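Everything on this sheet refers to the single structure shown next.
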Amino acid sequence: LSGIRHYAGDEFLGREMYATVNAGLAIFKDDPLLHEPGERYLYSSYGYNLAGAVVEGASGQPYLEYMAANVLAPLGMHDTVPDYLAPITPGRGRYYVVEDSVILNAPEVDNSYKWASGGYIGTVEDLVRFGLAQLGDGPVTDTVHRAFWKEQLTNAGEPTGYGLGWRIREDDEGRPWIGHTGGSVGGTTRFWIEPESGLVIAMISNLSRLDYGEVVDELSKVFLPPPVSVAGQGDGS
């Protein structure tokens, strides 16, 4: 809703190292907004980069240090780390892309310009830990849930299908799902929570633009019971 643009040109493939979060803002900070704030919804990774700078300003700590101490460590997400290009990261896989139906090595990129929007690597186990922390008696309170999982509206009152950092959807059975998708150079991720049951589904691949199809809905049919029909509605009872 901010009007901040998304990637342009070959920015997604950049290899420049940015020493600080604020330095990375130079990529877009002088560009005009695409629309007046609130006028319409447009996804923007750079909006998250700006949010990362806000975290630094509010906490007085570098973004990566704040996240490590206040999010990753408390949640036990020890396998989620910044995707530095040069250092060896134990267990890091290779990244791949598909071109003309041929699987190739993905080009190397430097993600130091976007720690907050796509600069980490991790595991499905850590994603599930993050998801479970949003539920029940975890560290994320109901007040935070209500704020972050509330669908945002445009100035004209049009729904966006998006909360504060969370996508919001319903499956074919009418169940609510809160989550996000992720695409990187050499990776595709799906992450969804069904809040009413506490089911968390996390999927990570080391392939760009992988089509997961209907796997989330299919898994929900396996792990979740069918919705209870209301007497007299839809089932003849």
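Among the listed residues Glu39, Glu108, Glu56, identify the single one that is touching a residue at least 60 places away in the same chain (Cβ under 8 Å), of a type in the set (Asp, Glu) and more than 23 Å from Ser184 (Cα to Cα).
Glu39
Taking the stretch 180-198 as the region of interest, how many residues are out of contact with any strand residue (DSSP E or B) (no Cβ under 7 Å at 6 or more places or on another chain) and surrounded by 18 or more Cβ atoms within 10 Å (Cβ to Cβ)?
The number of residues fulfilling the criteria is 1.
Of everything in the stretch 104-127 that's touching a Leu at 6+ places or on another chain (Cβ under 7 Å) and buried (at least 17 other Cβ atoms within 10 Å of the Cβ), which residue is nearest to Met77 (Cα to Cα)?
Here the answer is Trp115.
Failed condition for Ala231, given (1) open to solvent by 60 Å² or more (accessible area, probe 1.4 Å); (2) at pLDDT 95 or above; (3) over 25 Å from Trp149 (Cβ atoms), with all others met?
(2)
State yes or no: is Ala86 under 25 Å from Ile204 (Cα atoms), free of Cβ contacts under 8 Å to residues at least 40 places away in the same chain and open to solvent by 60 Å² or more (accessible area, probe 1.4 Å)?
yes
Can you tell me which residues in the stretch 91-103 are on the phi < 0 side of the Ramachandran plot and either surrounded by 12 or more Cβ atoms within 10 Å (Cβ to Cβ) or assigned to a loop (DSSP other than H, G, I, E, B) (or both)?
Scanning the stretch 91-103 gives Arg92, Gly93, Arg94, Tyr95, Tyr96, Val97, Val98.
Mind listing whichever residues of the stretch 104-127 are hydrophobic (A, V, I, L, M, F, W, C) and either within 15 Å of the chain's Cα centre (by Cα) or not in a strand (DSSP E or B) (or both)?
Ala106, Val109, Trp115, Ala116, Ile121, Val124, Leu127
Which of the residues belonging to the stretch 180-202 are of a type in the set (Gly, Ala, Ser) and either at pLDDT below 95 or not in a loop (DSSP other than H, G, I, E, B) (or both)?
Gly182, Gly183, Ser184, Gly187, Ser197, Gly198, Ala202
Restricting to the stretch 145-161, give me the number of residues that are out of contact with any strand residue (DSSP E or B) (no Cβ under 7 Å at 6 or more places or on another chain) and either open to solvent by 60 Å² or more (accessible area, probe 1.4 Å) or closer than 18 Å to Leu42 by Cα (or both).
Just the residues of the stretch 145-161 that are out of contact with any strand residue (DSSP E or B) (no Cβ under 7 Å at 6 or more places or on another chain), to begin with: 145-148, 150, 154-158.
If we keep only those that are either open to solvent by 60 Å² or more (accessible area, probe 1.4 Å) or closer than 18 Å to Leu42 by Cα (or both) as well, we get 146, 148, 150, 154-158.
Count: 8.
Output the residues belonging to the stretch 200-219 that are closer than 21 Å to Tyr162 by Cα and either in contact with a Gly (Cβ under 9 Å, 6 or more places away or on another chain) or of a type in the set (S, T, N, Q) (or both).
Val200, Ile201, Ala202, Val216 - these are the residues of the stretch 200-219 that are closer than 21 Å to Tyr162 by Cα and either in contact with a Gly (Cβ under 9 Å, 6 or more places away or on another chain) or of a type in the set (S, T, N, Q) (or both).
Taking the condition modelled with pLDDT of 95 or more, open to solvent by 40 Å² or more (accessible area, probe 1.4 Å) and either under 16 Å from the mean Cα position of the chain (by Cα) or aromatic (Phe, Trp, Tyr) (or both), does Phe130 pass? Steps first, answer last, please.
Values: modelled with pLDDT of 95 or more: yes; open to solvent by 40 Å² or more (accessible area, probe 1.4 Å): yes; either under 16 Å from the mean Cα position of the chain (by Cα) or aromatic (Phe, Trp, Tyr) (or both): yes.
Yes.
Inspect all residues belonging to the stretch 28-37 and state whether any of them is open to solvent by less than 70 Å² (accessible area, probe 1.4 Å), assigned to a helix (DSSP H, G or I) and within 20 Å of Leu164 (Cβ to Cβ).
no
Give Leu164, Leu210 a once-over and let me know the one that is assigned to a loop (DSSP other than H, G, I, E, B), touching a Ser or Thr at 6+ places or on another chain (Cβ under 6 Å) and open to solvent by 50 Å² or more (accessible area, probe 1.4 Å).
Criteria check complete, one pass: Leu210.
Specify the residue that is nearest to Val98 (Cα to Cα); the eligible residues are those in the stretch 167-179 that are open to solvent by 30 Å² or more (accessible area, probe 1.4 Å) and part of a strand (DSSP E or B).
Residue satisfying both the conditions and the ranking: Arg167.
Would you call Leu75 surrounded by fewer than 15 Cβ atoms within 10 Å (Cβ to Cβ), on the phi < 0 side of the Ramachandran plot and not polar (S, T, N, Q)?
When the stated conditions are applied, Leu75 does not pass them.
The values are calculated or read from the model by the stated rules, or taken from the named source; none is laboratory data. Keep in mind the model is a prediction, meaning the values are calculated, not measured. Note that each Cβ is placed from the backbone with ideal geometry, even for glycine, and that neighbours are counted across all protein chains shown. To get the accessible areas, we keep the full protein, side chains included, count just its heavy atoms, and leave off ligands, DNA and RNA. Shrake-Rupley method; radii C 1.70, N 1.55, O 1.52, S 1.80 Å.
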